[in-house]
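Read-outs: derived from the displayed coordinates by stated rules, not from any lab. Please read these numbers as outputs of a predicted model, since none were measured by experiment. Here Cβ is always computed from backbone atoms with ideal geometry, including for glycine, and neighbour counts include all displayed protein chains.
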Amino acid sequence: MPRIGPFALAVVAAVFACSPAEQASQDAPAEAADAGMASIADDTSQPDIVKVAVGSPDHTTLVAAVQAADLVDVLANPGPFTVFAPTNAAFDKLPAGTVEDLLKPENRSTLRKVLHHHVTTSALAVDYFKDGQSLWMVDGGYETISLRDGDMWIGDAQVIGSVRASNGWVHVIDGVLVPGEE
């Protein structure tokens, strides 16, 4: 009868020690293991920033841009983040062909810079912002906050709504913030 060594015995013990669920997760495809926070199915918790945007029919262009820039999992992470989310109508104000150009794979780094210019760290509600405040954006640039007739503006974009997300705030804006402009 062949002799079983300690290594083989340990392997056999490990296989039998796994529950069926653990074994199934070990047998899952590598792609599932590589899936990020955005792939977690959760219909009961407060939605994260990505799920807020995906759930809004007014943000399909932004969602397409976040996907093209490969930033979905970043914005689904715990954060906290504050995102200034341009509506589809805001993107429509850009010169013809701008959005289509930004969505091309060869322009991914430019698209990322534009999207990073719409995000700051920390979960900042509207009442945090003060007139004249300079706000640091993830791309390293700044935007100026202004309060006009009871409305809040960031740069040239008006904040037209705000939604609390599990990992921060989404402030809906009516314009696209352009890096390098304040």
Response to the item:
Those residues of the range 64-117 which are among the polar types (S, T, N, Q), in contact (Cβ under 8 Å) with a residue 40 or more places away in the chain and within 21 Å of ASP174 (Cα to Cα) amount to THR82, THR87
Worksheet item: How many of the residues making up the range 104-163 are out of contact with any strand residue (DSSP E or B) (no Cβ under 7 Å at 6 or more places or on another chain) and hydroxyl-bearing (Ser, Thr, Tyr)?
Response: 3
Worksheet item: Considering the range 104-137 alone, what residues qualify as being under 18 Å from ARG164 (Cβ atoms) and surrounded by 11 or more Cβ atoms within 10 Å (Cβ to Cβ)?
Response: HIS118, VAL119, THR120, THR121, SER122, ALA123, LEU124, ALA125, VAL126, TYR128, PHE129
